[in-house]
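What follows is a set of notes on a single structure, which appears directly below.
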Amino acid sequence: MSTTAATTHVTIKSPDQMQELGRRLAALLRPGDLVLLTGELGAGKTTLTRGLGEGLGVRGAVTSPTFVIARVHPSLTGGPALVHVDAYRLGGGLGEMEDLDLDVSLPESVVVVEWGDGKVEELSEDRLHVVIARAVGADAPGGVADALESDVDDVREVTVTGVGARWADAGLPALAPR
């Protein structure tokens with residue numbers, strides 16, 4: 001039985017900040033970690049993953065794996081590889097994901113699955129859920145004044161939730177702005 005260990009909320013105002021969040025998050029990750037990314041098209045899931053790749057020191061440009069379903073980025077620093085999966089086109093649950101052998105990759109890699117909710121949770125009791133939502137107009141952090149001063153289209157509310165014992169003391173609060 002999995003339990004929620006910690007939740008952190010972060011306001012992101014630009015793609016550069018989203019990538020930086022990915023780099024900070026990478027410092028908390030280790031081999032065997034499963035990260036599920038949720039957000040509408042264009043929310044910043046791949047941008048966050050690009051930052052994870054930079055933070056993990058992996059080889060290759062991190063781009064959306066939409067058409068190839070999954071990409072493996074080996075480590076250049078002796079750390080875990082990054083397995084980047086886009087489950088958008090996969091309709092089924094874990095059964096359809098089995099062909100990707102994620103259960104084989106997971107122990108020695110960091111596996112990031114875009115659109116993974118309801119599809120890959122069974123891979124690990126301990127996982128990280130990252131939900132990226134656009135903040136629009138008066139709903140933007142700080143209300144209309146902040147929305148007018150920044151490019152509202154770039155403002156995101158990111159909720160990072162650790163599930164399972166692995167994330168109980170993993171430092172998720174450090175992701176929030178200081």
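The values are calculated or read from the model by the stated rules, or taken from the named source; none is laboratory data. Since the structure is predicted, the reported quantities are computational estimates derived from the model, not experimental observations. Cβ placement follows ideal geometry from the backbone for every residue including glycine, while neighbour counts extend to all protein chains displayed. The area values use the complete protein model at the heavy-atom level, side chains included, leaving out ligands, DNA and RNA. Shrake-Rupley method; radii C 1.70, N 1.55, O 1.52, S 1.80 Å.
Things to note:
- If you go through region 56-74 and keep only what is at pLDDT 85 or above, touching a Leu at 6+ places or on another chain (Cβ under 8 Å) and surrounded by fewer than 18 Cβ atoms within 10 Å (Cβ to Cβ), you end up with GLY57, ARG59.
- Verdict on LEU36 being open to solvent by less than 10 Å² (accessible area, probe 1.4 Å) and in a helix (DSSP H, G or I): no
- Region 5-19, residues that are part of a loop (DSSP other than H, G, I, E, B) and among the small types (Gly, Ala, Ser): SER14
- Where GLY92 falls short, out of the listed (1) within 17 Å of LEU36 (Cβ to Cβ); (2) open to solvent by 20 Å² or more (accessible area, probe 1.4 Å); (3) modelled with pLDDT of 60 or more: (3)
- For region 75-88, the tally of residues that are among the aliphatic types (A, V, I, L, M), part of a loop (DSSP other than H, G, I, E, B) and surrounded by 15 or more Cβ atoms within 10 Å (Cβ to Cβ) stands at 1.
- Cβ pairs under 9 Å, 6+ apart, first in region 1-23 and within 20 Å of ASP169 (Cβ to Cβ), second of a type in the set (Phe, Trp, Tyr) and modelled with pLDDT of 90 or more: THR4/TRP167; ALA5/TRP167; ALA6/TRP167
- When each of GLY42, GLY22 is tested for being on the phi > 0 side of the Ramachandran plot and either among the small types (Gly, Ala, Ser) or not in a helix (DSSP H, G or I) (or both), the lone residue that passes is GLY42.
- Check on VAL163, within 12 Å of the chain's Cα centre (by Cα) and modelled with pLDDT of 90 or more: no
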